[in-house]
Amino acid sequence: MKSIGLLLFVFNLAIQSLTAQTVDSQRPTPGNRTYAPLNLFINGAGRIVPFEAGQMLCVGRSYTMLALPDRGYVLESWQPVNVFTSIIIYLDNNGEFVTNTATTVAPLPVYFNRRALRFTMQPEIVIVDNSPGFKIISSEGWQANFVPRIDPFPR
């Protein structure tokens, strides 16, 4: 049992040291790279490696990330989400510009239950642009769903 724990510990350290890696054969050339923020959400107790929410990734490249549950939890699923961000800019009573940003996350009814998830980074899409006052941006992301581990043989 100790050897399994040590093996998981070493595996965890190896995963943490991963860098963003592409598996695409076609890499964007330096002049035409587009980046978008990675939308990551966690439901329950756990974490995602090697990326962080909001990290800028190259659009069109494939990446792999791993969901690591906290002690006493298991990964139930990965779930794709649609993310809608509205940005409103207005002039307040003091004559200063104020920016209000609101984000709505809409999980999709699709689930993947492997710890490792390979995905291709998608671009943000501006779906409404009434510049300079109002903008709505659509993007895609992922949610890792962790649940408490149920002991099949309670003591």
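Coordinate-derived values only; no laboratory data. Not measured: the values here are computed from a predicted model. Don't worry about glycine lacking a Cβ; one is built from the backbone with ideal geometry, like all the others, and counts go over all protein chains shown.
Whole-Hz Karplus values for region 92-97 come out as 7, 5, 8, x, 9, 6 Hz, taken residue by residue from phi with 6.51 cos²θ - 1.76 cosθ + 1.60 and θ = phi - 60°; glycine and proline positions read x. Put in line by how crowded their Cβ is, counting other Cβ atoms within 10 Å and starting with the fewest, 151, 70 read 151, 70. Among 111-122, 72-83, the peptide with the highest mean count of other Cβ atoms within 10 Å heads the list, and the full ranking is 72-83, 111-122. With R₀ fixed at 25 Å, the C-beta to C-beta distance from residue 47 to residue 149 puts the FRET efficiency at about 0.95.
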